[in-house]
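Single-structure report; data block below.
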Amino acid sequence: MLLARSPIATPAVTRPEGVRVRRIPRVIGADVPVPLRDGRHVPYANFDYAASAPCLEAVHEAVTRALPYYSSVHRGAGYASQVTTGAYEEARETVRSFVGAWRRAAVVFTRNTTDSMNLLARAVPAGTSVVVFETEHHASLLPWRRAVRLPAPATPAEAVSAADRALAACPIGSRLLVVTAASNVTGELWPVEELARVAHRHGARIAVDAAQLVPHRPLDMTALGLDYVAFSGHKLYAPFGAGVLAGRADWLRAAEPYLKGGGASASVGATTRWAASAEQRHEAGSPNVLGAVALAAACDALSPVWDDLAVREEALVGRLRAGLAALPHVRELSLWGGRAPRVGIVSFTVDGWNARDVALTLSEEHGIGVRDGRFCAHPFVRHLAGGGAAVRASLGIGTSEEDIDRLLTALAGLTTR
């Protein structure tokens with residue numbers, strides 16, 4: 001019999017009655033020194049959170065607690081196996097609560113968002129019409145066998161109307177609308193609730209790439225009417241190789257297993273009978289238990305402090321964007337204009353500079369880490385940047401005002417060369 005609560009679960013926070021305790025989580029490596037070209041060392045200014053966020057201290061602690069009990073899950077009778085199984089399934093329920101999934105929804109652990117979207121693409125019924133915007137990350141743009149690609153919409157309202165028209169024009173049968181919650185290029189928030197209403201009005205489902213939203217804002221897929229949500233642990237301060245696909249179970253239960261092997265099979269003989277539950281069916285082999293534990297620990301650490309994190313991040317993003325606007329040779333990329341709500345992601349170009357050279361100079365001369373290129377969203381960046389590449393600065397829990405000012409000072413120096 002499994003333990004009611006695993007001894008490796010995240011400890012409950014004890015609060016004096018009537019006292020509201022909030023502590024912004026801390027990341028590991030926020031002050032790590034990095035070398036400069038001239039031989040000096042400076043604290044690293046990390047502006048690459050959108051690619052992979054550093055590990056939260058709480059996540060590191062959760063994994064450390066889990067390691068002494070680490071064992072195989074689901075089929076072991078030994079104490080360590082029971083404890084590990086309990087922790088794994090408890091992590092699933094933590095994630096379910098974190099994304100606001102309904103009780104009967106499937107919560108499948110994967111490797112990352114790309115893995116989750118490819119799993120869903122394998123599970124959609126044959127002949128399903130998929131509608132997707134060209135503004136998507138490749139993880140959401142590429143996996144579909146039959147897809148209608150919509151051009152970048154000029155406004156959120158146009159995104160809704162374009163999806164409406166495209167779904168109405170789809171052949172009779174299964175339909176799926178795929179959209180991001182927050183752009184990995186501009187940070188702009190998409191109107192997923194309105195898009196969900198449109199999808200359901202046409203009898204379609206909606207799948208949301210939440211990889212860039214959940215590190216910054218809460219998500220309630222039930223309240224928003226979302227059928228599927230995918231995200232990655234490594235962007236959620238849990239870099240231990242786990243991701244999630246959460247949503248309606250029927251397509252997943254009916255599909256061939258994503259991987260065929262131990263755990264996915266209920267019975268093997270002359271014929272094979274596959275596991276009935278969506279989770280077992282698509283989690284073949286020994287799962288990434290530590291990744292699931294880490295991801296759940298990140299969910300637990302972030303959930304109580306969303307309001308504080310949002311206020312802090314909006315101030316930092318405002319400081320960065322105002323500073324960039326004051327630099328005459330820097331152009332911020334935006335789909336819907338400067339007033340569109342967004343998370344802590346800002347992309348820009350620098351007149352006269354190749355994006356790669358900007359990134360290398362910031363790193364080698366200032367100890368600042370940014371991302372350059374097309375950010376696995378080639379059609380979208382080409383649309384915004386006129387065919388070229390861009391520089392992306394993305395913020396997170398470890399970002400400080402001093403980091404923002406260092407970046408702005410460094411960019412000002414570039415424009416005077």
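The values are calculated or read from the model by the stated rules, or taken from the named source; none is laboratory data. Quick caveat: nothing in here was measured; it's all calculated off a predicted structure. Neighbour counts run over all protein chains shown; Cβ positions are idealised from the backbone, glycine included.
Numbers at a glance
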| quantity | calculated |
| --- | --- |
| Which listed residue is farther than 27 Å from residue 112 by Cα and modelled with pLDDT of 95 or more, from 15, 40, 65, 22 | 40 |
| Some residue of the stretch 211-228 being of a type in the set (Asp, Glu) and either at pLDDT below 95 or surrounded by 20 or more Cβ atoms within 10 Å (Cβ to Cβ) (or both) | yes |
| Which listed residue, of 205, 253, is basic (Lys, Arg) and either at pLDDT below 95 or surrounded by fewer than 18 Cβ atoms within 10 Å (Cβ to Cβ) (or both) | 253 |
| Qualifying residue in the stretch 63-77 (condition: surrounded by 18 or more Cβ atoms within 10 Å (Cβ to Cβ), of a type in the set (A, V, I, L, M, F, W, C) and in contact with a strand residue (DSSP E or B) (Cβ under 6 Å, 6 or more places away or on another chain)) | no |
| Scope the stretch 164-180; condition surrounded by 12 or more Cβ atoms within 10 Å (Cβ to Cβ) and assigned to a loop (DSSP other than H, G, I, E, B); matching residues | 170, 174 |
| Qualifying residue in the stretch 273-286 (condition: hydrophobic (A, V, I, L, M, F, W, C) and closer than 20 Å to residue 216 by Cα) | no |
| Scan of the stretch 143-163 for residues that are over 25 Å from residue 114 (Cα atoms) and either assigned to a loop (DSSP other than H, G, I, E, B) or polar (S, T, N, Q) (or both), ordered by number | 154, 155, 161 |
| Yes/no for residue 325 being more than 27 Å from residue 160 (Cβ to Cβ), surrounded by 15 or more Cβ atoms within 10 Å (Cβ to Cβ) and without any contact (Cβ under 8 Å) to a residue 60 or more places away in the chain | no |
| Residue ranges of strands (runs of 3 or more DSSP E) in the stretch 271-360 with at least 1 members of a type in the set (Asp, Glu) | 330-332 |
| Total residues in the stretch 355-370, condition buried (at least 21 other Cβ atoms within 10 Å of the Cβ) and either over 27 Å from residue 151 (Cα atoms) or charged (D, E, K, R) (or both) | 6 |
